[in-house]
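All remarks here apply to the structure that follows.
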Amino acid sequence: MVSPACYNINLINPSRIWQTDNVLKNELPILAFQVGFVVLISRMFFFIYRPLHLPRILSQLSVGFLLTPPLIGRFTKVFTFIFPVEGVLNVEVLSHIGIIYYAFLSGLEMNLNVILHVKKKAGSIAIAGIVFPTVMGPLIYKLHRKTYGDGDQKAVEPSATSAYVLWTLVLTVTGFPVIAHSLSELKLLYTGLGEVALTTSMVSDTYAWLLFTLFVPFSINDSRAIYSVLSTIIFVVVCIFIVRPIIVNVIDRMTERDEWDDNKLLFVVMGLLVCSHITDILGTHGVVGAFVYGLILPHGKFADKVVSISDDFGSGFLAPLFFSGTGMRLMVSAVFVQHNVFMTVIVIILMCSVKILGTMFAAFFFGMRTRDSFALGVILNTKGAIALIMLNIAWDRSILSVPTYVVLSSSVLLMTVVVSPIINAIYKPRKRFEQNKLKTVQKLRNDAELRILACVHNTRQATGIISLIESFNATRLSPLHVFALHLVELTGRAAALVAAHMEKPSGQPGAQNLTQSQVEQEGINSTFEAFGEAYDAIRVQTLNVVSAFETIHEDIYNSANEKRTSLIIIPFHKQLSSEGALETTSVVYRDINMNIMHSAPCSVGIFVDRDISSISKANICIRMIFVGGPDDREAIAVAWRMAGHPGINLSVVRMLLFDEAAAVGTSIHDESQGILSAVMDNDKQKELDDEYVNSFRLTAVNNDDSITYSEIGVHSGEDIPKIINEIDSYGCDLYIVGQGNCRNSQVFSDMLEWCDCSELGVIGDILASNNSGSRSSVLVVQQYGYGGMVLGKHSNNVSTNEDGSKTLVVKSE
């Protein structure tokens, strides 16, 4: 058993504030060094673990494990230099403040609207993941007691009742913040598995806090536990139904008037310490009060302000002290060097399996596949701060012996460590998106449903893209299914932002004080919902993607693949100013667009919006400029589909290349293939172009007076801007052009080097340039299946595809 440690503290100045030695001179430097050491080493571990997508909490635990006797702890002088005896008490106090603040943030990032209106599937899976470990946990603990020391139970805790409770609770809990971060890193948040896992983990984490409140007092208070539980329940009820309405009203009013400053936010922190102290007095634990306090505070702009100001200090400096202290107690030599190590490993494996089996059973009931249900069980088996808090309670109160503590801690770490490798191995390996003709508009039947993924950053972009989608001629025989994707940059805690965007902001308390991203979300939802209600043949579903902008294209890939879309529409990174010129909104938006176009799992369209008119208000004139290649064929397919709308007039202009303009380029081919391959591919592309254009002329032009077709010759590169300016002089509302990646033209390849926005291609860049004088919107289309956009030296943020012009490779990390 663990022996209690006593600290010998000498009172030098009993009549003063600092009754011990000079704190600022002797104790503060030691404490600052210890905090700096833990933070620095945990950051080093974080960067080491980052390629493996392991959660940050493991890097903080690793710092403590590094200081155990088998490693640095074996060198007594080094260990006492880092953590001298006289500084241990200060670190313990500060670390507990850190974990209290961590619990407060966990409550603040919970989405009560999702929890209170949880669907049957998520709620049932969460309950199954709790019930099965609750039943099997005591049996596994009994096996552990019987196995350890060949049945000599003196080596383990003599009182099994309290140990039973904590052992079982640790197996049942789920760490929602850790899971949200892991799913975000694995790019699974917006897949079917990720959506179920996220909602279920939030519900399961709430259940875990409830079980913690109800049962932990029985482990630490014995006969007085029932009074602790009842008084804590009364405290929670008072906070939710009496304190919450008052505090929400006050905070919302101050937030609306923008009256918050550092002094007033200090009172918020004081409220955290007061609630934590109350539950500690009641006999539960300080973290319960901190969690409840975070839960009752209003979300939105206020919560965002609190997190942005204090998260770095609370989670970045204080919480690592607590988690490193937990890792410091992981003395693996206490069990893994014994003769019964084999049975110990068996016990750990059984402990890791019970929650997975319970989750799989419930998932099977709802029709999930074996692979998905197993992956869901592994994800929900992830442990977080609450499991480590329980372990620390067991250690501090000597409820668990050292061997039992090590076995339980090892299983918790194993459950969390194996999530990323297992998910990458069985659910999300490096793969090629399966080639599918339905992922292009050209190969889609006229009477088939067209699925479009519309990506937007703000309400203005949503309005413009809706005007574009209106032109797609949705009918009952040829309906549209639009998935509106609101792209939100991940800054700060993943769980907080993800939870904030899981449901509509208007359903949350304090909805009048929303963050900027929530305001945009509400506007985008309203805009697209109104659009869907206006048309019977159009279904609209709004979604949110919260991710780092550097990797958000992977979430868009997964969403497009999950929804089986044929076209992704993305907004241009410039928007129309009041003077009528296109001005850059954000350079980051351009990087996102280029990444999307590089390896998208379906066709892509970049929309340059110059305030295109709604088709319901006026007739729309669309002009499609056709040069040749797969992108142009996809562009004419899009235009052809739009031409079926009675309010649209379509004019197709084909540029015929002669002389210098007809020279074949080899830039898209490997050097080993040479000019012969380029010429052969060029002839094949021309054959496909002629075949598709002739089909268009025969089927569409000859049978519809609103569609016209004309041809114009191009003899040199200088002719192209002149011809485009001449075409633009006739005026139109919307140009549809191909990006031209696989055009096999030396002239266009040379002109691409001088383009300001090479992702638009040569023609798109000319039409979108402010120097052209054009006032028309532009849709630049890239067809799926030809290796993505190759930008050569322009692709600073996009790697070049090396698999050839006809192979689509999408790597999912």
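The values are calculated or read from the model by the stated rules, or taken from the named source; none is laboratory data. Please read these numbers as outputs of a predicted model, since none were measured by experiment. Note: ideal-geometry Cβ built from the backbone for every residue, glycine included; neighbour counts use all protein chains shown. We work out accessible area using only protein heavy atoms, side chains counted, and drop any ligands, DNA or RNA first. Shrake-Rupley method; radii C 1.70, N 1.55, O 1.52, S 1.80 Å.
Points worth noting:
- Pairs spanning more than 19 Å between alpha-carbon atoms, out of K187/K563; K121/K355; K120/K301; K264/K301; K439/K563; K119/K305: K120/K301; K119/K305.
- Estimated inter-spin distance, A663 and S729, nm [label 7 Å along Cα→Cβ]: 2.8
- Coupling constants for segment 127-141 follow from the phi torsions by the Karplus curve (6.51 cos²θ - 1.76 cosθ + 1.60, θ = phi - 60°), and in residue order they are 5, 4, x, 9, 5, 5, x, 5, 6, 8, x, x, 5, 5, 5 Hz; glycine and proline get x.
- Whole-number D in µm²/s for segment 332-426 (Stokes-Einstein; Kirkwood sum over Cα pairs; 20 °C, 1.002 mPa s): 147
- Rg and Dmax of segment 685-788, based on Cα coordinates, read 14.6, 41 Å.
- Taken one residue at a time, the phi angles of segment 482-490 give Karplus couplings (6.51, -1.76, 1.60, θ = phi - 60°) of 9, 10, 8, 10, 8, 8, 10, 6, 7 Hz. Gly and Pro are set to x.
- Length gained on full extension, L543 to N770, computed as 0.36 nm times the residue gap minus the Cα-Cα distance: 78.4 nm.
- Highest-first arrangement of 92-98, 183-189, 719-725, where packing means the average Cβ count within 10 Å: 183-189, 92-98, 719-725
- Residues whose amide H falls under 5 Å from that of V664, counting only those 5 or more places apart or on a different chain, are Q746, with hydrogens built in the peptide plane.
- Contour excess over end-to-end distance, with Cα ends at D705 and K684 and 0.36 nm allotted per residue: 4.4 nm
- FRET efficiency for K146 and D396, using Cβ-Cβ distance with R0 set to 35 Å, rounded to 0.05: 0.85
- Between segment 569-591 and segment 97-147, the Cα center-to-center distance that results, in Å: 45
- Interatomic Cα distance distribution for segment 170-294, bins of 5 angstrom, percent: 2, 10, 15, 16, 15, 15, 14, 10, 3, 1, 0
- For F317 and E583, a Förster radius of 56 Å and the Cβ-Cβ distance give a FRET efficiency of 0.85, rounded to the nearest 0.05.
- Pairs of C-alpha atoms in segment 232-281 farther apart than 14 Å represent 62 percent of all such pairs.
- When the surface is traced with a 1.4 Å probe over the full set of protein chains, C275 keeps roughly 20 Å² accessible.
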